[in-house]
Amino acid sequence: MKASDLFVHALEAERVEYIFGIPGEENLDILESLRGSKIQLILTRHEQAAGFMAATYGRLTGKSGVCIATLGPGATNLVTAAAYAQLGGMPMVMITGQKPVKSSKQGQFQIINIVDMMRPLTKFTKTIVGGDYIPSYVREAFRRSEEERPGATHLEFPEDIAREHSTMPVLETSYTRRPIAEEKAIHKAAEAITASRKPLLLVGAGANRKLTAKMLRKFVDKLGIPTVTTQMGKGVIDESGPHFIGNTALSDGDFVHRAIEQADLIINVGHDVVEKPPFFMRPGGPEVVHINFSSAQVDPVYFPQIEVVGDISNSLWQLNEHLEPQEHWSFTDAHRIRAALQKHIQEGSSNDTFPIRPQRLVKDVREAMPEKGIIALDNGMFKIWFARNYPAHAPNTVLLDNALATMGAGLPSAMAAKLVCPDRRVVAICGDGGFMMNSQEIETAVRLGLDLIVLILRDDAYGMIKWKQAMMEFHDFGLDFGNPDFVAYAKSYGAYGHRVEATDELVPLIESCCKEGGVHLIDVPVDYSHNDRILNHELRELSSKL
């Protein structure tokens, strides 16, 4: 069998549905082998977007998303997406081409050491040096990508190897079960939780799995322990429930941090140090129980006293069997803080001034989205507002990146979400800066016939950096830019373009776009002028009184 055919058969054995990317001449044998395969090639307009789509596919399904690029510039364009998947814990397999490794007549043209380049950004990276290596290398790339903690892997496939012949069979996927936590660790954690007076549950990125969410909800319903989430833990707990306190959209100074400070024990489920710290541990502060697939990575702001290492769902089930609500537990402070936070969120959500303010924007988007609708957030100032103010009801219904925090991922992530969940409403929410970094993928979305809405929050500047600039009391300098006419820009790709001209137009416009179908870009002018006052001063002042 031709090696490229064997490679595609190995991908089929891994149940690959899509390959996202841009093939080059070094990938043409794979492309020809894919032509007769059930695997669908999703041709994108930039390799970075392909990587973001593959990573998001992995995030939503738990199976490795796959992307492909040629050598040289194609491979370097995957670097940001590799870091995005690796830091974000998203399973992804990258395939890159390479010149012939046995005899090449092109010297060093386009050649860089891709394997060495990918090594710091991946869990596994290899050059396929012979057709007989394909089954084992492919199996290992997928196995390593999907095992906890998930991340990126990479295979380099030289064009002369792709033309070889091999008699090796494809390897079957292996059946594996994650290790479970040791019984003594469960008992130690249960004793600490039982003895505490004000326990608090903190849910992080590693808990954003279907089974984990199911078990966490049982845990909270039985024990009634107040719960906060990190940005990437949104939706694991239904945020409309009575035990949800709030989201740690900021690292400190918000209402939710008063609940953390007043707790005497924090049950930290799925914490990942790559995510921006949800709180800062200090000597003499609350005791911390770390529950995760892997042991804690200790750093100056995170050094848990008790660790429960193993499958999170099983650990929670075991703890649930050992725990009962305690009469000496006191949640009065936590629920008082919750009420104050909700009041503050509501106060800011009714303002009808135009351009729209972020608090009103978040409220209106929540109103327009079904319970399991998916919003895919690019990186920008609005991400903090959505993390803090947008109540999520189900896992992975708020796709945001608080690990690499890269711009340009919002639109590709939304496109992948729509492919994985075609029957759910999907909205990409992008700043004008982040949108323009991968705006060319509107053509891809139109070509794929996706029903997709893209909100472009326009402030004609890099708004988050402006916020930081104001926080540091620097002059407003160097962060303003111009924009195209987004309505005309959308139409040039065959999409629909709209511009909001009054705050109360947004919700009916989203509803109208959903009914019409197709790809819709909505230009939404946004007013961020109150960010510094609210986030840097008002929140600290109000929360300090709790």
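The values are calculated or read from the model by the stated rules, or taken from the named source; none is laboratory data. The model shown is predicted, which means the values in this text are computed figures rather than measured ones. Note: ideal-geometry Cβ built from the backbone for every residue, glycine included; neighbour counts use all protein chains shown.
Look through segment 225-278, keep the residues that are part of a loop (DSSP other than H, G, I, E, B) and small (G, A, S), and return whichever of them is surrounded by the fewest Cβ atoms within 10 Å (Cβ to Cβ).
S240
Is it the case that E371 is surrounded by fewer than 23 Cβ atoms within 10 Å (Cβ to Cβ) and farther than 25 Å from A490 by Cα?
It is true that E371 is surrounded by fewer than 23 Cβ atoms within 10 Å (Cβ to Cβ) and farther than 25 Å from A490 by Cα.
Which of (1) in contact with a helix residue (DSSP H, G or I) (Cβ under 9 Å, 6 or more places away or on another chain); (2) of a type outside the set (D, E, K, R); (3) more than 22 Å from I534 (Cα to Cα) is the odd one out, the single condition G449 does not satisfy?
Result: G449 fails condition (1) only.
If I filter segment 279-293 for residues that are surrounded by 19 or more Cβ atoms within 10 Å (Cβ to Cβ), touching a residue at least 40 places away in the same chain (Cβ under 8 Å) and acidic (D, E), do I get at least one hit?
For segment 279-293, residues surrounded by 19 or more Cβ atoms within 10 Å (Cβ to Cβ), touching a residue at least 40 places away in the same chain (Cβ under 8 Å) and acidic (D, E): absent.
I'd like to verify a number: residues in segment 132-166 that are in contact with a helix residue (DSSP H, G or I) (Cβ under 7 Å, 6 or more places away or on another chain), surrounded by 22 or more Cβ atoms within 10 Å (Cβ to Cβ) and in a helix (DSSP H, G or I), how many?
Qualifying residue count, segment 132-166: 5.
Here are F474, F435: which of them is among the aromatic types (F, W, Y) and modelled with pLDDT under 95?
F474
Which of the following residues is assigned to a helix (DSSP H, G or I) and either in the same structural domain as D378 (by TED's automatic domain parsing) or surrounded by 17 or more Cβ atoms within 10 Å (Cβ to Cβ) (or both): A470, A428?
Among A470, A428, only A470 is assigned to a helix (DSSP H, G or I) and either in the same structural domain as D378 (by TED's automatic domain parsing) or surrounded by 17 or more Cβ atoms within 10 Å (Cβ to Cβ) (or both).
Is one or more of the residues making up segment 335-344 free of Cβ contacts under 8 Å to residues at least 24 places away in the same chain, assigned to a helix (DSSP H, G or I) and of a type in the set (S, T, N, Q)?
Yes: segment 335-344 contains one or more residues that are free of Cβ contacts under 8 Å to residues at least 24 places away in the same chain, assigned to a helix (DSSP H, G or I) and of a type in the set (S, T, N, Q).
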